[in-house]
Each structure stands twice: as C-alpha cells, then as structure tokens.
C-alpha cells in the first residue's frame, strides 16, 4: 500500500507539472504576454559618458547622484529596462527600443542647470554696459553664477547681456509641461517653486527687482502704461530659454510659466530635467553605439537557431541511447521551456525585466544542465539494473543516489549564478539570472516529473518484459 500511495503521489506531481507548464503557456498566449527584449535583441542606443576634462575630478557621491538622476529621467520618458551603471568614473547608459537618438542623448546628458538672470541689454542693439560691449557669446561651461555673461537663445538667433544669477533651479520643487497661453498650440513649462526662503521667496525677490526696474534688473522694455520694467532671463545649461518681462512684483509658488518656442517633446524633456534636478557633474558622451532593430532581430534569430540546434542534437542522443527514458527527458525539457517562457514573459510585462543575448546564452547552457541531470539519473538506473534488480526497483533505488548528485551539481550552478548576478553588471547579470532560473526549474522537473514519469513507464508490462525500451543493457528482467 505504501508503494502504491507513493506512486499515486508521484503521478499526481507529474500531472501537476504538465498542467502548470501547458496551462501557463496557454495563458501567456491568451493575454498576449511576450518577453521584453534587451538592446542587443530589439535595438536601441548605448552611450558611455565621462566627466568633462575641465570639470575637475568628480567625487564618488556626485557620480552616484548622477546615476540616480539619469535613471529617473530615463524612467520618466518610458524606456523599458534601461541599464545605467557606473564604470569607474564613467557612466554607461543602454536604452533598448529607443529610436530618437538625439532627444534621449540630450535629455540624459543634460546638466540641467537652471538659472534666473536679469537682462541687462539685448545684443547687438541697445546701450550696452561696459562688461557687455565685446558681444562675445560665453560658452556654457563658462556660464558662471557670479559673472556678467553674454549668452544666446536656443536657436542662436538672439543674444543677451545678462547680469549675475539671482536664483537657480534648486529653488524648483517640481515641474510639468502643458498647453497654454493665447495660442492653443503653445507648449509651456510650469515649474512649482519650493516654499519659503529657499524657494518662492528667492524668485519673488528677483521679480521685485525687475518689476521696479532697479540697477540689478534695469528697464529693457515697458508695460502697457509705458513704464519701464525689467526682464528675467531663464537660462538652461548656458542657453536662454526665454526672457519674459516681469509684470508683477510677486507670484505664487505655482504661478510661474516658462514659455518659449517649445514643442511637446522639448517641453516635456525640460520639465523632466527640472523635476529630477541638475546633474552634479558635467558629462560628455565618449562613445555612442546604435543597434538597429534589424540587427537585433538577426541576433535573436541566431540565438534561437543555436538553441534549437543544440536541443535537436541533445534530443537525438537521448532518444537513441535511452529510448523511452529519453522521451521522459525531452518532455522534461519541453515543460521546463514552457515554464521559462511563461515566467520570462510575465516578469517582462510586470517588472520590465528584459531578455538579452546573454540571457539567451544562459538558457542555452541550461539545456545542457537539464540534460546532465537526466543522464545522471538514467546511468544510475542502468547500474542498479545491472546489479540484478528488477526495472521498477532499479528506477526507485537509482533515484535515491542520483538526486543527491543532481542537487549538488545544481546547487553549485546556483551559487555561481548568484555570485555573477550580485557581483557584476550589465550583460553578465542577464546570463546569471536566466541560468539560475533555469537551474531552479531543473530541480523542480527532476523531483516532480522525471522520477514519477520514469517510474510509471518502468511499471508497464511491456517495459518489464523488454527493459531495452528504456535503454537498459542485458541483465536481470
């Protein structure tokens, strides 16, 4: 009765594995889940940023903060599964599925140093202060807070002589983009300033200087009554975004509007840069690599082909050498593959975890791991049978010794996968993750499917009469 009870439980576990594998795969197809592909499989861009040579040596804290800010900016524009990591003092950014290369590069590497400066004069017309008479455009890296500078607008068509910075973007709490103004198609950026002395009070102090047309912010235009008023230029990374006239001495924290020649994308990108703050270090793109979608498709096809060829060769060997036992091994591989597909598609849809080429390599290697587990078991069965045991007894006795070896081998693989995952970055982590996942499934299949399935086949009268059907050599019957 005990043997029958154990056999029934084994058959039940094998049925559950079968139902879970097939049912999960059908569910995945029904809901439309698909694996999320990484940059090397679906295309995208990869950029290596380095600190600007004239910016000095950045601190560890500044680089870590830059990584966090870049990650927040990328997340805000909806790039799935980006890879952003430090490599010494450099920062590596890989963005799968990105087609608008220039937009993303500008947003990711943008210093986003927002400054509010009074307009002293328009160039080249107007009475110029002595400091502005050279009319030279100051490069962005020379846009010092405490200096009077000459900067151009984003199109390079107008230049302004600007006074020292009255406040910076650190006073901004958040920002958004939206349509507004007299024209429906006019995109604007709407910053919300922090409260108190570190936020809106700083802006209102600057607004009062310009509204009253003091020496700090002299009159460069006039209001409806003809009274001279000053303008406050909004400067981002050394470019004048806009230079509006200040028509009131104070504003609410959420009443400021940045207007300019914005389109939807540029307004959203500026709002994103302001919302997540300025980079604490000036970055330059050292190396930019673009992977086209066509190349990614070719790479994926090559990886799948390699996997199918490997699976085909393993299948031929298992069937030729182990016969019906080889069928059990192949069913285990198929069910493991269906479960892997379901899991990978699910975490891709829900967690944004991408499958990369290195992950595909990890899955291909896992085919060998699973095949090894079956071979260890089958060879132990053959040894037990050769010692004179009946086929069903050999199957049960061999499992006791084989499963220990399988556990030890898989445990070593899991340790290696864990070390690779936690101690490395980038592509190696993808390899480790999927190798580890496939190894765990191999343990599940070995315990819950391989043993009961082979035990059920070994109990068939035809197999007991002819043990060679499961690859047994001559011996006891």
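When the residues of the range 392-413 are filtered to those that are over 30 Å from residue 462 (Cα atoms) and surrounded by 18 or more Cβ atoms within 10 Å (Cβ to Cβ), the one that is nearest to the chain's Cα centre (by Cα) is 413.
Test residue 304 against the criterion of being modelled with pLDDT under 85 and either outside any helix (DSSP H, G or I) or touching a helix residue (DSSP H, G or I) at 6+ places or on another chain (Cβ under 9 Å) (or both), and give yes or no. Spelling it out, residue 304 is indeed modelled with pLDDT under 85 and either outside any helix (DSSP H, G or I) or touching a helix residue (DSSP H, G or I) at 6+ places or on another chain (Cβ under 9 Å) (or both).
Out of the range 272-301, which residues are part of a helix (DSSP H, G or I) and at pLDDT below 80? Residues satisfying the conditions are 272, 273, 274, 275, 293, 294, 295, 296, 297, 298, 299, 300.
Restricting attention to the range 349-358 and to residues that are modelled with pLDDT of 80 or more and assigned to a helix (DSSP H, G or I), the residue that is surrounded by the fewest Cβ atoms within 10 Å (Cβ to Cβ) turns out to be 350. Yes or no: the range 42-55 includes at least one residue that is surrounded by 14 or more Cβ atoms within 10 Å (Cβ to Cβ), on the phi > 0 side of the Ramachandran plot and at pLDDT below 90. Taking every residue of the range 42-55 in turn, at least one turns out to be surrounded by 14 or more Cβ atoms within 10 Å (Cβ to Cβ), on the phi > 0 side of the Ramachandran plot and at pLDDT below 90. Summed over the range 33-60, residues that are within 13 Å of residue 283 (Cβ to Cβ) and touching a helix residue (DSSP H, G or I) at 6+ places or on another chain (Cβ under 9 Å) total 7. Of 30, 21, 14, all but one fail to be surrounded by 15 or more Cβ atoms within 10 Å (Cβ to Cβ), farther than 25 Å from residue 430 by Cβ, modelled with pLDDT of 80 or more and assigned by TED's automatic domain parsing to the domain that holds residue 358; the exception is 14. Against the test of being touching a strand residue (DSSP E or B) at 6+ places or on another chain (Cβ under 9 Å) and either modelled with pLDDT under 85 or not assigned by TED's automatic domain parsing to the domain that holds residue 177 (or both), the options 236, 202 yield a single qualifying residue, 236.
If you go through the range 74-101 and pick out every residue that is assigned to a helix (DSSP H, G or I) and modelled with pLDDT of 75 or more, you end up with 2. Filtering the range 328-347 for residues that are in a loop (DSSP other than H, G, I, E, B) and surrounded by fewer than 23 Cβ atoms within 10 Å (Cβ to Cβ) leaves an empty set.
Every condition in (1) surrounded by 15 or more Cβ atoms within 10 Å (Cβ to Cβ); (2) in a loop (DSSP other than H, G, I, E, B) is met by residue 254 except one, and the failing one is (1).
The values are calculated or read from the model by the stated rules, or taken from the named source; none is laboratory data. Quick caveat: nothing in here was measured; it's all calculated off a predicted structure. Don't worry about glycine lacking a Cβ; one is built from the backbone with ideal geometry, like all the others, and counts go over all protein chains shown.
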